[in-house]
Amino acid sequence: MKSLKLRSFFIYTFIIFISLSSCVSDAEFDASGEGKGGSMTRFTFLKGYLYIVDENTLKTLDIANPDNPELLNTLEVGSGVETIFPYENYLFLGTQWGMKIYSLDNGPVPQFLSDFEHSFSCDPVVVSNSIAYVTLRSGTTCQTGVDRMEVVDVSNLRDPRLLNTIEMKNPHGLSVSDTVLFVCEGDYGFKVFNIKDRANPQLISHYDSIPSYDVITNYARKELIITGKNGIYQYDYNDPYELKELSQILSIEGNE
């Protein structure tokens with residue numbers, strides 16, 4: 001019975017992930033087989049394998065046969081794990097204590113490379129061009145946390161180095177698209193940064209009327225999907241200085 005429940009959970013999780021990814025079109029799957037979801041997710045798809053994190057483990061599943069996923073490995077990764085983000089052949093785990101980096105160079109089972117530690121805080125992460133953007137926030141499980149975004153050099157994956165710190169009010173999920181960085185700030189809205197200078201994000205716009213939790217970018221179509229307490233919003237960001245709303249699906253509360 002226990003194995004049946006575990007299998008059902010894995011299948012259900014995989015279906016959710018594929019559904020989420022399909023919302024942003026096939027362009028979000030590159031030739032490496034990397035699926036693109038939000039930065040706050042606990043699962044990701046890379047090179048034919050599904051990776052799932054919980055509070056303290058990282059699971060690897062072979063999903064060549066989606067009807068019968070095979071659990072290949074369960075790795076103890078320490079406490080406080082919250083998010084997972086794939087980049088090239090690596091997995092970046094956001095934890096309440098920092099960022100953990102794992103390599104998939106030697107096969108589908110992750111190999112630990114390094115830790116980047118910070119003060120206790122809720123913590124998603126995204127990576128682009130050897131730079132990691134990490135948001136730290138106070139929250140329900142992180143009452144003593146700080147509220148800021150950290151810019152980290154990960155060109156040496158075994159020795160991540162802090163480059164810059166940007167104070168924020170309550171940053172949540174984030175996403176990078178070329179030279180633009182999008183950051184959700186919960187009830188405080190949604191911010192857009194210019195990152196032509198990767199180490200020094202410059203704020204170019206702030207939409208304080210859009211409560212936001214996480215964001216997914218579709219680079220091919222220059223569109224955003226933003227999730228928040230009021231519902232799901234889709235925006236055109238061809239001009240990142242002026243986002244254009246395309247559609248919205250409001251929650252029941254938002255419709256009242």
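Which of the residues spanning segment 146-169 are part of a strand (DSSP E or B), of a type outside the set (D, E, K, R) and under 14 Å from residue 99 (Cα atoms)?
149, 151, 152, 162 - these are the residues of segment 146-169 that are part of a strand (DSSP E or B), of a type outside the set (D, E, K, R) and under 14 Å from residue 99 (Cα atoms).
Taken residue by residue, segment 102-113 has no member that is touching a helix residue (DSSP H, G or I) at 6+ places or on another chain (Cβ under 7 Å), surrounded by 14 or more Cβ atoms within 10 Å (Cβ to Cβ), part of a strand (DSSP E or B) and modelled with pLDDT of 95 or more. Checking 237, 219, 233, 241 one by one, the residue that is at pLDDT 90 or above and surrounded by fewer than 18 Cβ atoms within 10 Å (Cβ to Cβ) is 241 and no other.
Inspect segment 33-48 for any residue being out of contact with any Pro (no Cβ under 6 Å at 6 or more places or on another chain), of a type in the set (A, V, I, L, M) and either in contact (Cβ under 8 Å) with a residue 12 or more places away in the chain or in a strand (DSSP E or B) (or both) and give the result as yes or no. The answer is no, given that none of the residues of segment 33-48 is out of contact with any Pro (no Cβ under 6 Å at 6 or more places or on another chain), of a type in the set (A, V, I, L, M) and either in contact (Cβ under 8 Å) with a residue 12 or more places away in the chain or in a strand (DSSP E or B) (or both).
Residues of segment 124-147 that are at pLDDT below 90 and either surrounded by fewer than 19 Cβ atoms within 10 Å (Cβ to Cβ) or more than 23 Å from residue 44 (Cα to Cα) (or both): 138, 139, 140, 141, 142, 143, 144, 145, 146, 147.
Filter segment 30-52 down to the residues that are farther than 28 Å from residue 136 by Cα and modelled with pLDDT under 85, then identify the one that is surrounded by the most Cβ atoms within 10 Å (Cβ to Cβ).
33
Just one residue in the set 55, 82 is surrounded by fewer than 16 Cβ atoms within 10 Å (Cβ to Cβ), closer than 24 Å to residue 171 by Cβ, at pLDDT below 95 and charged (D, E, K, R); that residue is 55.
Just the residues that are among the charged types (D, E, K, R) and surrounded by fewer than 14 Cβ atoms within 10 Å (Cβ to Cβ), please, taken from segment 195-216.
Within segment 195-216, 196, 197, 208 meet the criteria.
It is to be established whether one or more residues within segment 201-212 are of a type in the set (D, E, K, R) and more than 15 Å from the chain's Cα centre (by Cα). Scanning segment 201-212 turns up at least one residue that is of a type in the set (D, E, K, R) and more than 15 Å from the chain's Cα centre (by Cα).
The values are calculated or read from the model by the stated rules, or taken from the named source; none is laboratory data. Computed from a predicted structure; not experimentally measured. Positions of Cβ are backbone-derived with ideal geometry, glycine not excepted, and every protein chain shown enters the neighbour counts.
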